[in-house]
Amino acid sequence: MSTRTTWAVQRVPEVSGGVRLLATALSAILALIVAGIVLRLCGLPPLALGARVLHASFGTRFGIEDLLLLASPLAACGLSVAVMLRVGLWNIGAEGQFFVGATGAAAVGLFLPVGGTGTTLALMALAAAAGGALWIALPAAARLVLGTSEIITTLLLNFVARLLVDFLATGSWRDARSSVTAQTPRIHAAFAKLPRDWHLGGLHWGIALVIALAAVVALLFRYTSWGFELRVCGANREAARYAGMPVGRRLAEAMLLGGALAGLGGMIELAGTVHRLQGGLSNSYGYVGIIVAVLAAAAPVGVLFSALLMAVVLNAGTVLQTQGLPASAAVALVGLILLFVAMGERLSHYRIAVIRPRATPAGTGSAAAASGAAE
């Protein structure tokens, strides 16, 4: 009997971290290639523009400084989304939590000057984390008690948070001495700059804070029983309940932690870069943070690298504007990367399997039949 090899597409439930990382990298590269083709069709040289983006991001001291300043709030918001992704929830409201965290930090910086910069910054960080956690508390309660999708509730609260900031910046907190009608006075404390030995004088300690937060979150998920329970709740909630784990409490804790991290991102941008509360405080960091978390596959340390990548993409938007393209070109590029990464993540769960039927040796069947007849 002859054999015939067949091919089949099989789905694999789980993939390794290396395969997921490779799929993400290839998907991002493919998205950039498609973007380059679109630019060529628009009459622009994609390779020359790409070289200009790399030079603007890494070729000068100012470029590196600006890149890291962009990456810091992006990483904080990415961590916020990643923590909730690890338990199977989506935080679309990091933008709102970012704004509320910045509002809490601004309240301390404006109205509670306590003398020392370190003490003021510590209180600002606490107020920012509390504000972000408070802003996600209502969606958490709605999700756990009523079963309401956290995607809808967190998204809608983004607009409320932005309107709250506009109300304060144009109302009772407005800087009366400034001609700008939508900002508060400068806060009393700002992040101390990094040592001059770094030769990057514009950087602030918010960058170190984000790196520390990523390390702490990674250690919590990997080496603590609390992190283990969160991972189990995210992988299989029914199994977690059967094992006696407090699933509802763990989901609530993950959501509150995510809100607190996004709130700290608002404090970092306020105290480190902008130094005053205003409506334009966020450069859509909360929304881009979703892409940061997806690119990193919700890995806390990976968030740092994907935040750098998205900071480069935001810089690319600035370069594209100099070529006459609208500011929305960067948003389109971000969306294109997210689309391809989502498809790549889905496709990484499939394998092409070779199926070779077991061969029956020639003559075996006839020999067996003859033996039976002889008996």
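The values are calculated or read from the model by the stated rules, or taken from the named source; none is laboratory data. Note that this is a predicted model, so its numbers are computed, not measured. Cβ placement follows ideal geometry from the backbone for every residue including glycine, while neighbour counts extend to all protein chains displayed.
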- Task: Quick one: which helices (runs of 4 or more DSSP H) lie wholly within the stretch 237-295 and hold at least 2 residues that are within 25 Å of residue 317 (Cβ to Cβ)?
- Result: 247-269, 285-295
- Give me a count of the residues in the stretch 227-255 that are over 23 Å from residue 304 (Cα atoms) and out of contact with any Lys or Arg (no Cβ under 7 Å at 6 or more places or on another chain). 18
- Query: Would you say residue 5 is more than 26 Å from residue 342 (Cα to Cα), touching a strand residue (DSSP E or B) at 6+ places or on another chain (Cβ under 8 Å) and exposed (fewer than 13 other Cβ atoms within 10 Å of the Cβ)?
  - Reply: yes
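Starting from residues that are in contact with a Pro (Cβ under 8 Å, 6 or more places away or on another chain) and buried (at least 17 other Cβ atoms within 10 Å of the Cβ), keep the ones in the stretch 111-159 and report whichever is modelled with the lowest pLDDT.
Ranking the candidates gives 120 first.
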- With the checklist (1) buried (at least 18 other Cβ atoms within 10 Å of the Cβ); (2) at pLDDT 90 or above; (3) of a type in the set (Gly, Ala, Ser); (4) farther than 21 Å from residue 155 by Cα in hand, flag the one item residue 244 doesn't pass. (1)
- Is it the case that some residue within the stretch 324-331 is touching a helix residue (DSSP H, G or I) at 6+ places or on another chain (Cβ under 9 Å), at pLDDT 80 or above and either surrounded by fewer than 17 Cβ atoms within 10 Å (Cβ to Cβ) or part of a helix (DSSP H, G or I) (or both)? no
- For the stretch 93-105, state whether one or more residues are crowded, with 16+ Cβ neighbours inside 10 Å, more than 19 Å from the chain's Cα centre (by Cα) and among the hydrophobic types (A, V, I, L, M, F, W, C). yes
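Need at least 1 residues that are touching an Asp or Glu at 6+ places or on another chain (Cβ under 8 Å) and of a type in the set (Phe, Trp, Tyr) per element, so show me which helices (runs of 4 or more DSSP H) inside the stretch 64-170 make the cut, counting only ones lying wholly within it. Before the answer, list the steps.
Working: elements: 94-111, 117-141, 150-170.
So the answer is 94-111.
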- Query: Given the residues 89, 54, 67, which is the only one that is more than 24 Å from residue 266 (Cβ to Cβ), of a type in the set (A, V, I, L, M, F, W, C) and over 11 Å from the mean Cα position of the chain (by Cα)?
  - Reply: 54
- Message: Test of understanding: among 292, 313, 303, which residue is modelled with pLDDT under 90, surrounded by 20 or more Cβ atoms within 10 Å (Cβ to Cβ) and β-branched (Val, Ile, Thr)?
- Response: 313
- Message: Whether any residue in the stretch 18-35 is part of a helix (DSSP H, G or I), surrounded by fewer than 17 Cβ atoms within 10 Å (Cβ to Cβ) and over 22 Å from the mean Cα position of the chain (by Cα) is what I want to check.
- Response: yes
- Query: Among the listed residues 322, 273, 318, which satisfies the condition of being free of Cβ contacts under 8 Å to residues at least 24 places away in the same chain and not hydrophobic (A, V, I, L, M, F, W, C)?
  - Reply: 322
